[in-house]
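Structure first, commentary second.
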Amino acid sequence: MYERSFYFNVMAPDTTTKGERTRAQILETGFEQARTVGVTGVTVGTLAEATGLSKSGLWSHFGSKTALESGILDYAAERFTEEVIRPAWQEKH
């Protein structure tokens with residue numbers, strides 16, 4: 001695992017706060033939902049239900065639908081970098 005990677009910084013339970021872990025869970029769940037319905041198809045209701053949070057609890061982490069969608073897209077980009085780009089780059093170097 002790379003020290004500067006998204007997974008190290010967000011997912012490591014011993015180095016993150018409860019709020020950071022909850023945010024990471026929201027993003028992972030939103031990412032999984034977006035894979036089937038598209039990022040604009042992810043609703044606050046279905047995401048709150050899937051994560052076990054209230055809608056207001058979910059909003060406390062993002063504040064707006066736009067911020068949530070942006071977070072999901074950033075999460076997807078980080079996953080793509082870690083799972084596709086970085087391994088391909090390391091094979092060549």
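The values are calculated or read from the model by the stated rules, or taken from the named source; none is laboratory data. Quantities reported herein were computed from a predicted structural model and do not represent experimental measurements. Cβ: placed from backbone, ideal geometry, glycine included. Neighbour counts: every protein chain shown. When the accessible area is computed, the model is the full protein with side chains, heavy atoms only, and any ligands, DNA or RNA have been set aside. Shrake-Rupley method; radii C 1.70, N 1.55, O 1.52, S 1.80 Å.
Couple of notes before you dig in:
- In the set (1) in contact (Cβ under 8 Å) with a residue 12 or more places away in the chain; (2) in contact with a Lys or Arg (Cβ under 8 Å, 6 or more places away or on another chain), GLY45 fails one condition alone, (1).
- Residue count for segment 58-75 satisfying the condition of being open to solvent by less than 50 Å² (accessible area, probe 1.4 Å) and either outside any helix (DSSP H, G or I) or in contact (Cβ under 8 Å) with a residue 12 or more places away in the chain (or both): 8.
- Restricting attention to segment 19-47, the residues being β-branched (Val, Ile, Thr) and outside any helix (DSSP H, G or I) number 2.
- Residue selected from segment 48-66 under the condition at pLDDT below 95 and of a type in the set (A, V, I, L, M, F, W, C), by the criterion nearest to GLN25 (Cα to Cα): LEU58
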